[in-house]
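J.: Can you read through this structure? Questions will come right after.
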């Protein structure tokens, strides 16, 4: 049993629950993911805790567009003054 396989199964279920209401095929994919979780629940003694921790970690992930917009808003004042930002200057901004 690989931890990555378990993590992937839990993540698939987490992802597919949000899409389940869009179509019958999305709902079927979610139900298949739930069946996979049922298998791991029988195999792993503390699976409920493992699933809770993975869901918690996944809920804390920032969406890509939000992160890019945040970074863009921080860089915008510097870009308006300097037309080209060097790696050193970006490192200074990150600091």
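J.: Please specify each residue of segment 11-35 satisfying the condition of being more than 19 Å from the chain's Cα centre (by Cα) and either in a helix (DSSP H, G or I) or closer than 21 Å to residue 60 by Cβ (or both).
T.: Within segment 11-35, the subset more than 19 Å from the chain's Cα centre (by Cα) is 21-25, 27-28, 31-32, 35.
Residues satisfying the conditions are 24, 25, 27, 28, 31, 32, 35.
J.: Then there's this: With respect to residue 92, determine if the residue is surrounded by 13 or more Cβ atoms within 10 Å (Cβ to Cβ), at pLDDT below 75 and over 17 Å from residue 5 (Cβ atoms). I'd like the intermediate steps shown before the answer.
T.: Working: surrounded by 13 or more Cβ atoms within 10 Å (Cβ to Cβ): no; at pLDDT below 75: yes; over 17 Å from residue 5 (Cβ atoms): yes.
So residue 92 fails the test.
J.: Out of 55, 15, 39, 30, I need the residue that is at pLDDT 90 or above and not assigned by TED's automatic domain parsing to the domain that holds residue 85. Which one?
T.: Details: 55 fails: at pLDDT 90 or above; 15 fails: at pLDDT 90 or above; 39 fails: at pLDDT 90 or above.
The conditions single out 30.
The values are calculated or read from the model by the stated rules, or taken from the named source; none is laboratory data. Given the structure is predicted, the values throughout are model-derived calculations rather than measurements. Neighbour counts are summed over all protein chains in view; Cβ atoms, including those assigned to glycine, are modelled from backbone coordinates with ideal geometry.
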